[in-house]
Amino acid sequence: REVGRSFDCSACGSLISLKGAPKKVGLTFACSYCKQLESLEGCAEEVGESFYCDGCVKIKTLKDGPKKVGWNYSCSNTSIKTLEGVPEHIEGGFFICGSKKLISLKGGPKTVNGIFLIAECPNLTSLDYAPKTVKGEFNCSNSAKKPKKKFTIADVKKVCQVGGEIIV
């Protein structure tokens, strides 16, 4: 039920479910690069520091992910379309890079005290639902040859108060 330090089941090629995983993890919960994992159902509800589900290419939603994360939240290279299920407040950084199916920031964090990175998501066409406040860097760069939308610094400033650098 509870792990005091970290729980890591990353790169388990045949893992198809997180059912039975601890409900509370003191430090890091990592389930990255589990190519067969389709859902975060069974994931820890509370993570003391960082949560990682990068490279889980079959995950289509973050709805069953942790409700509270103490520091960083990273969900790059997944098949999610929205950020629904992400905690409202991220104390550290929020990272999503290379998620080609992401089309909306709906359901994402409202405040991020560190970096907010949503880079290389070529189907994202709006910054609506972006956090209202990002104390660190806001990066929405996209080097794809034909992104559906190339964001500008003005686009970011319309939706978010950024304390650090804006990278587009």
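Tell me whether the range 116-165 comes out rounded, prolate or oblate; compute the Cα gyration tensor, take square roots of the eigenvalues as a ≥ b ≥ c, and use a/c under 1.5 as the rounded threshold.
Prolate, because a/c is 1.5 or more and a/b exceeds b/c.
For Cα pairs less than 8 Å apart in space and 6+ apart in sequence, what is the mean separation divided by the residue count of the chain, i.e. the relative contact order in percent? Provide the component values of the computation, followed by the final result.
Numbers: 535 pairs, mean separation 21.9, N = 168.
Value for the chain: 13 percent.
Just the number, please: carbon plus sulfur as a percent of the accessible area of the range 1-53, 1.4 Å probe, no ligands or DNA/RNA counted. The partial results should precede the final answer.
Working: 1350 of 2890 Å².
Answer for the range 1-53 is 47 percent, counting heavy atoms of protein chains only.
From Cα pairs below 8 angstrom and at least 6 apart in sequence, can you work out the relative contact order of the range 97-168, rounded to a whole percent? Intermediate results must be reported in sequence, preceding the final value.
Details: 167 pairs, mean separation 23.1, N = 72.
It rounds to 32 percent for the range 97-168.
At 1.4 Å probe size, put Leu117, Leu18 in order of accessible surface, largest to smallest. Present the calculation step by step, with values, prior to reporting the outcome.
Numbers: Leu117 35, Leu18 5 Å².
I get Leu117, Leu18, largest accessible area first.
Based on the mean of other Cβ atoms within 10 Å per residue, sort peptides 142-154, 121-133 so the most packed one is first. Could you put the intermediate results ahead of the total?
Working: 142-154: 12.8, 121-133: 18.2.
Ranked from most to least packed, the peptides come out as 121-133, 142-154.
Based on the alpha-carbon gyration tensor of the range 56-168 and its eigenvalue square roots a ≥ b ≥ c, which shape applies: rounded if a/c is under 1.5, prolate if not and a/b is larger than b/c, or oblate? List each step's numbers first, then the result.
Details: a/c = 1.72, a/b = 1.04, b/c = 1.65.
The shape class here is oblate.
Given only helices, namely DSSP H runs of n ≥ 4 each adding -39500 (n - 2.57), what is the per-residue ellipticity at 222 nm of the chain, to the nearest 500 deg cm²/dmol? Walk me through the intermediate numbers first.
Details: 1 runs with 7 residues, N = 168.
That calculation yields -1000 deg cm²/dmol at 222 nm.
If you roll a 1.4 angstrom probe over the protein chains with everything in place, what fraction of the accessible area of the range 70-168 belongs to carbon and sulfur, to the nearest %?
Of the solvent-accessible surface of the range 70-168, carbon and sulfur hold 52 percent.
For the residue pair His89 and Lys157, what label-to-label distance in nm results when each label sits 7 Å from Cα along the Cα-to-beta-carbon direction?
Result: 2.9 nm between the two label points.
Per residue, how much accessible area does the range 1-141 show when a 1.4 Å probe rolls over the protein heavy atoms, in square angstrom? Please list the in-between numbers first.
Working: 6390 Å² over 141 residues.
Computed with neighbouring chains in place, this is 45 Å² per residue.
The values are calculated or read from the model by the stated rules, or taken from the named source; none is laboratory data. Remember, it's a predicted structure, so these values are computed and weren't measured experimentally. For neighbour counting, all protein chains shown are included, and Cβ atoms are generated from backbone atoms with ideal geometry for every residue, glycine included. For accessibility, only protein heavy atoms count, side chains too; no ligands or nucleic acids. Shrake-Rupley method; radii C 1.70, N 1.55, O 1.52, S 1.80 Å.
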